[in-house]
1. Tally Lys/Arg at +1 and Asp/Glu at -1 over every other residue whose Cβ is under 10 Å from the Cβ of residue B:154; what's the total?
2. In square angstrom, rounded to the nearest 10, how much accessible surface does residue A:126 have for a 1.4 Å probe?
3. Kindly provide the GluC sites (Glu not before Pro) of region A:142-220 that DSSP labels as loop, not H, G, I, E or B, and whose Cβ sees at most 12 other Cβ atoms within 10 Å.
4. In nm, to one decimal, how far is the modelled label at residue B:313 from the one at residue B:258, with both set 7 Å along Cα→Cβ?
5. Simple spin-label model, 7 Å along Cα-to-Cβ: residue B:99 to residue A:140 in nm?
6. If you fit an axis through the alpha-carbon atoms of helix A:181-207 and take the longest principal axis of the Cα set of chain A, what angle between them do you get, 0 to 90°, nearest 10?
7. Where the accessible area of chain B is counted over protein heavy atoms with a 1.4 Å probe, how much of it, in %, is carbon and sulfur?
8. Could you state how much accessible area residue B:47 has, in square angstrom rounded to the nearest 10, with a 1.4 Å probe and all protein chains kept in place?
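The values are calculated or read from the model by the stated rules, or taken from the named source; none is laboratory data. Since the model is a prediction, treat every value here as computed from it, not as a measurement. Here Cβ is always computed from backbone atoms with ideal geometry, including for glycine, and neighbour counts include all displayed protein chains. When the accessible area is computed, the model is the full protein with side chains, heavy atoms only, and any ligands, DNA or RNA have been set aside. Shrake-Rupley method; radii C 1.70, N 1.55, O 1.52, S 1.80 Å.
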Amino acid sequence: MGRYVIRRLLQAIPVLLGSTFLIFCTVYALPGDPVMILGGERRIDPVLAAQLREQYGLNDPLIVQYWNYISGVFVGDFGETFQGVQVADLFAGKFQVTIQLAVTALIIEALVGLGLGLYAALRRGRWQDHAVLALTLLLVSVPTLVSGFVLQLVLGVKLKTELGIDFFPISGTEAGWRSFLVPGFVLAGTSIAYLVRLTRTSLMETLRADYIRTAVAKGMPRSRVLGRHALRNSLIPLVTYLGADLGTLMGGAVITEAIFNLNGIGQQLFQSVARRENAVVVGVVTVLVLVYLLANLIVDLLYAVLDPRIRYE
Amino acid sequence: MKKRSATDVLPAEGGLGNEPLLTVDNLHVEFHTRAGIVRAVNGVSYSLSAGETLAVLGESGSGKSVTAQAIMGILDMPPAVIPKGEIRFHGTNLLTLSEEGRTQVRGERIAMIFQDALSALNPVFTVGWQISEMFRVHRGMSKRDGMKKAVELMDKVRIPAARQRVNDYPHQFSGGMRQRIMIAMSIALDPEVLIADEPTTALDVTVQAQIMELLAELQRESNMGLILITHDLGVVADVADKISVMYAGRIVENAPVHDIYKAPAHPYSKGLLDSIPRVDHKGQELYAIKGLPPNLLDMPTGCAFHPRCPYRQDNCVTDVPPLYEISGVRSSACHYWREVLDGSRG
Ligand SMILES: Nc1ncnc2c1ncn2[C@@H]1O[C@H](COP(=O)(O)OP(=O)(O)OP(=O)(O)O)[C@@H](O)[C@H]1O
Ligand SMILES: [Mg+2]
């Protein structure tokens, strides 16, 4: 197991290099000169511009620029912005916000998605099943922008003004974990819908298996057949989905963060792309890729725990 | 009807009276599917006493497994419906028992072994866990005691190094060993009836013989009633006391094993027996019953076997043959069973 983990971590290095290089090239290829954008409306003195280009190594060939950057990353130096702020410092608080948001979303997704999915599977073909399926359609078809503002209005504003319940803050992170509930749900919306459907199919599939029939024939009560014999088997494919989704949730937080005014990495990414702050953009992506790889590793390890037929050595 | 629980009504082991241990009486099972009503079982009757082995024979699709599943109460209802018939265990009709009552009978007093042990065992639990579950759930035993029992049972079905292997998973065993685990699990609580649904079909020939031997031995030891569902007439001759032959969801012949081998009383049983390869007929072409099994969605009129029957007369097309009693222990669902019987004697 330990060797497997080390091998997987080593395998992550080329993936990390490849993906960061790609994003580096993409940012490089964006139209517009970062030095000129830095000046905004004013035209920058050409001498100063040349000096800045030299200082930030913008005249070097792409591959050299990339090397300068990535060799720093490996010792924890994510470079600095044109304003002279350390990118690593810029990240510190923001990643925390985004991770909190994504993890809240993931927990909500797991609870609601698994719960509704299992419920629908057990009520297969009845009205409850149809209702759940209709709900998933609603979840996929309403864009985050709409669901975000609507829920913000209903839960953040109306709940307080109409009913006097002050539980969900309108925006910001002052209220601690409560601040992330509504945005977490909004962010998880589409994923919940997919997870519900996946869970429902998975459990229904499992319930048709021969070993379920065996469990019934052994005289096991229904609750035990479902909770012990079927549940674990049907969870196996779902864990993969949930793990992969953590990366998606973190990367997809831009709009949600904007609506709820959460000062997270999505916001930062948006601004930095606009300002051509290559160091920040590549830094964000690097960390996201890392999170993604890590989540996948955890999923694979969990897999081995859930399914004894899989063994890593 | 008021649903009753098993403990109220089922006499304890041994309290038999005149009734056989298990009686299936005129059982009908249909599946309500999109394509229509599949009449999988159309009036099956057989009975089983303690210590007896009943072999159930018949082509694929003849309803052997569905009957067994109805006895176990593990049919999915819907789509399955049981419109008619009784399954009496110690004289109590299982079909009118409450779900709670049935759960107490299942596994505890009537147990079942399935054809493919790999898919019938849960891949994510150790074999020890799966065997000891019987003791933990039915007997309230602790984990440790349950595991001890599991090792004992694995020894009993002759799994080598049981103590070391009790924590292995099903996929780590060979096919024959997996079927032994299945058997260990089914006999865990000393059931009175064991239903083995083609327990050896998925195994190779030498292993088949060992498994059959094991089953026969366990049965002798504990005086269980054994229902052995099989395609393999060769196996049946050695272990069975009596045979029920099924065709298109019906019993076509019930007979003690020696009688039927000597002289079958139904054209379909005769066809089955004639199609066994025999040493003394070496070189001759193998006999095969002509035609195909009927479509259960669209059954032939009269006797379901008539389109394939060499003894067919006009009334076979219109009249459904009842089970004619030949002797106290023998019956045949053929209008012309006398002719068949004489023909096969001659
Ligand atoms: N769930 C179901 N829905 C519809 N039809 C079914 C269902 N289960 C069984 N059947 C039908 O019932 C008939 C009898 O099936 P059964 O499994 O009892 O046959 P069998 O005699 O055990 O055959 P085999 O030797 O192949 O195991 C088959 O034609 C099958 O298609
Ligand atoms: Mg079968």
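1. Details: positive: B:149, B:156, B:158, B:163, B:165, B:180; negative: B:152, B:155.
Net charge in that neighbourhood comes out at +4.
2. Accessible surface of residue A:126 is approximately 130 Å².
3. On the way: sites: A:162, A:174, A:205; in loops: A:174.
Within region A:142-220, the qualifying GluC sites (Glu not before Pro) (loop, at most 12 other Cβ atoms within 10 Å) are A:174.
4. In this crude label model, residue B:313 to residue B:258 measures out at 3.2 nm.
5. Simple spin-label model gives 3.2 nm for this pair.
6. The angle comes out at about 40 degrees.
7. Working: 7780 of 15590 Å².
Percent of accessible area from carbon and sulfur atoms in chain B: 50.
8. Per-residue accessible area (residue B:47): approximately 40 Å².
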